[in-house]
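Asker: Please find one structure pasted underneath; my questions will follow.
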Amino acid sequence: MTAALKRLLLMSMSSGIIFNYMGIFINLFIWEKGNQIFDVAWFNLIMFLAWGVAFMYGANLLSKFTIGTVMRVAAIGAGITFILLSWVHFEPKILYITMIAVPVGLTNGLYGAAQNMGISLFGKGKEFTAFFSATNVIGQLIAFINPLLFAVIIKWMGFTASFFIMFIFIALMIFTSYFVPPISLKEAKEPVFRKFGIRQVFATPQLKWMIPSLIAGGFFIQFQGIFSLIFTFSVTQDKLSIAMLQIMYTSFTIACVFLYRRFSRTRPIGDNKWLTFGMIAAAVGFLLALFPTPLILILSNILTTIGLFFFYTIWSSRQFIATYRLEPIHQTRVLVWRELILVISRMFLLALILGIHDFDGFVFKAVMIFSFSSALLIPYFSKKSDESAEEMVLQGVES
């Protein structure tokens, strides 16, 4: 892994604490307003709308500024979020949730644009797998410590105290941003959004297969992401118990890290087989959710968490490998479209989730089966993309 990627890894570590908190405790804060699936789904829907807009704006900013500057703007967005959470409270609830969701989405979108551009411009081949694997390990360590630490703070001192503490990590994020590589698109000969048509950007067969893979991936990520939290919140309202469940899920992910590394070294198991295994585990987890008892919901979360590890480690690295030989401006266009497709597919699923009132209704079962099917399709799309890349190489050799 290059020195540049290692510095981006350091940035991921400092920002990961903020994003882990946002992912668990802001959703819990919203859930406690009325214990309604609609509230959490609406918060996430608006967040991803802001996320998509911010990602596009962040990509445009990179034609003028470095990724460090964009990351600092993202940190300011996080600061605005916690100011609103600390001092602003009003009715109606849906408007209040919307107001909180917008800066959270802006923070994620701007940071995602800066980080993804940095990874794509500095990574080479297998470095992507190493980077995402290392990111996963760091993320799991944060997922071990963060929930327990803030669960104790919230239980003893309340949400407001935890919001104030987050300003320390926002300051750390700003400080760390000065040490990331000075990457930008200033030298690009044309704007990001020129020649931005989807057919122009996804011009090769390998890139075209990314589109259905991204759509299916967005459905899978969103169903797992929102219901892993809602299932946990449904099992217990105690914040320490919620933290311990999150730590247990993290333990299974770390076990997957060791299994993946050990068997990848000692046995010729291809990444596509690991991805298939992960998606089957996730699909079984989805099916178990049809029987929503506390123990079954916990087991469902364990299996979908295992699936998510293999998805992020293998699928994400392949997405970047497919683009790293492209010109920087073309890479940027692919990554912007990649994020937009993921955001749109996640928003589509969230729109369906808005109609879910309980785990026994028809809508929940229909959305679950839809997500189950999407998870099983991901290895197929990934395999077709690999086959297209191999055909291109063979055609190049023959010519």
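The values are calculated or read from the model by the stated rules, or taken from the named source; none is laboratory data. Quantities reported herein were computed from a predicted structural model and do not represent experimental measurements. Neighbour counts are summed over all protein chains in view; Cβ atoms, including those assigned to glycine, are modelled from backbone coordinates with ideal geometry.
Asker: Determine whether residue 105 is modelled with pLDDT of 95 or more, touching a Leu at 6+ places or on another chain (Cβ under 7 Å), surrounded by 23 or more Cβ atoms within 10 Å (Cβ to Cβ) and not acidic (Asp, Glu).
Answerer: yes
Asker: Okay, next question. Within the group 314, 329, which residue is buried (at least 17 other Cβ atoms within 10 Å of the Cβ) and out of contact with any Phe, Trp or Tyr (no Cβ under 8 Å at 6 or more places or on another chain)?
Answerer: 329
Asker: Just need a number here: residues in the range 204-248 that are closer than 23 Å to residue 317 by Cβ and of a type in the set (Ser, Thr, Tyr).
Answerer: 3
Asker: If you don't mind, there's one more thing I want to ask. So which residues in the range 160-179 are assigned to a helix (DSSP H, G or I) and either more than 24 Å from the chain's Cα centre (by Cα) or over 24 Å from residue 88 (Cβ atoms) (or both), if there are any at all?
Answerer: Selection gives 160, 161, 164, 172, 175, 176, 177.
Asker: Quick one: is residue 38 surrounded by fewer than 19 Cβ atoms within 10 Å (Cβ to Cβ) and either in a helix (DSSP H, G or I) or at pLDDT below 90 (or both)? Before the answer, list the steps.
Answerer: Numbers: surrounded by fewer than 19 Cβ atoms within 10 Å (Cβ to Cβ): yes; either in a helix (DSSP H, G or I) or at pLDDT below 90 (or both): yes.
Yes, satisfied.
Asker: Test residue 322 against the criterion of being hydrophobic (A, V, I, L, M, F, W, C), buried (at least 21 other Cβ atoms within 10 Å of the Cβ), out of contact with any Pro (no Cβ under 8 Å at 6 or more places or on another chain) and touching a residue at least 60 places away in the same chain (Cβ under 8 Å), and give yes or no.
Answerer: In short, yes.
Asker: Next question. Quick check, is residue 291 among the aromatic types (Phe, Trp, Tyr) and at pLDDT 85 or above?
Answerer: Against the criterion (among the aromatic types (Phe, Trp, Tyr) and at pLDDT 85 or above), residue 291 qualifies.
Asker: Could you tell me whether residue 326 is modelled with pLDDT of 90 or more and not aromatic (Phe, Trp, Tyr)? Step through it out loud before you land on a result.
Answerer: Details: modelled with pLDDT of 90 or more: no; not aromatic (Phe, Trp, Tyr): yes.
So residue 326 does not fit the description; no.
Asker: Filter the range 157-170 down to the residues that are of a type in the set (Gly, Ala, Ser) and free of Cβ contacts under 8 Å to residues at least 60 places away in the same chain, then identify the one that is farthest from residue 81 (Cα to Cα).
Answerer: Checked the range 157-170; the qualifying residue farthest from residue 81 (Cα to Cα) is 158.
Asker: Go through the range 17-43 and give me each residue that's acidic (Asp, Glu) and under 15 Å from residue 357 (Cα atoms).
Answerer: At the first step, the residues of the range 17-43 found to be acidic (Asp, Glu) are 32, 39.
The answer is 39, and nothing else.
Asker: So which pairs qualify, if the first residue must be in the range 206-233 and over 17 Å from residue 51 (Cβ atoms) and aromatic (Phe, Trp, Tyr), the second must be outside any helix (DSSP H, G or I) and at pLDDT below 90, the Cβ gap must be under 8 Å, and the two must be at least 6 apart or on different chains?
Answerer: Pairs found: 227/289; 231/289; 231/292; 233/35.
Asker: Is it true that residue 118 is surrounded by fewer than 16 Cβ atoms within 10 Å (Cβ to Cβ), at pLDDT below 80 and either under 26 Å from residue 66 (Cβ atoms) or touching a His at 6+ places or on another chain (Cβ under 6 Å) (or both)?
Answerer: no
Asker: Filter the range 199-234 down to residues that are polar (S, T, N, Q) and farther than 25 Å from residue 21 by Cβ and give me whichever is nearest to the chain's Cα centre (by Cα).
Answerer: The qualifying residue nearest to the chain's Cα centre (by Cα) is 213.
Asker: Anything in the range 249-297 that is surrounded by 16 or more Cβ atoms within 10 Å (Cβ to Cβ), among the aliphatic types (A, V, I, L, M), over 23 Å from residue 319 (Cβ atoms) and in contact (Cβ under 8 Å) with a residue 24 or more places away in the chain? List them, or say none.
Answerer: Once the filter is applied, which keeps residues that are surrounded by 16 or more Cβ atoms within 10 Å (Cβ to Cβ), among the aliphatic types (A, V, I, L, M), over 23 Å from residue 319 (Cβ atoms) and in contact (Cβ under 8 Å) with a residue 24 or more places away in the chain, the range 249-297 yields 254, 289, 297.
Asker: A further question follows. Can you confirm whether residue 300 is polar (S, T, N, Q), surrounded by 22 or more Cβ atoms within 10 Å (Cβ to Cβ) and in contact (Cβ under 8 Å) with a residue 12 or more places away in the chain?
Answerer: Criteria met by residue 300.
Okay, residues lined up against (1) out of contact with any Cys (no Cβ under 6 Å at 6 or more places or on another chain); (2) polar (S, T, N, Q); (3) surrounded by 17 or more Cβ atoms within 10 Å (Cβ to Cβ); (4) in contact (Cβ under 8 Å) with a residue 60 or more places away in the chain:
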| position | (1), (2), (3), (4) |
| --- | --- |
| 10 | yes, no, no, yes |
| 27 | yes, yes, yes, yes |
| 47 | yes, no, yes, yes |
| 50 | yes, no, yes, no |
| 57 | yes, no, no, no |
| 65 | yes, no, yes, yes |
| 78 | yes, no, yes, yes |
| 81 | yes, yes, yes, no |
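Asker: Something else: Under 9 Å between Cβ atoms, which residue pairs at least 6 apart in sequence (or on different chains) link something in the range 362-387 that is over 14 Å from residue 224 (Cα atoms) and modelled with pLDDT of 85 or more with a partner that is of a type in the set (S, T, N, Q) and crowded, with 20+ Cβ neighbours inside 10 Å?
Answerer: 377/213; 378/213; 380/213; 381/213
Asker: Let me ask something additional. Hey, could you check the range 148-195 for residues that are surrounded by fewer than 16 Cβ atoms within 10 Å (Cβ to Cβ) and hydroxyl-bearing (Ser, Thr, Tyr) and say which is nearest to residue 62 (Cα to Cα)?
Answerer: Ranking the qualifying residues of the range 148-195, first place goes to 178.
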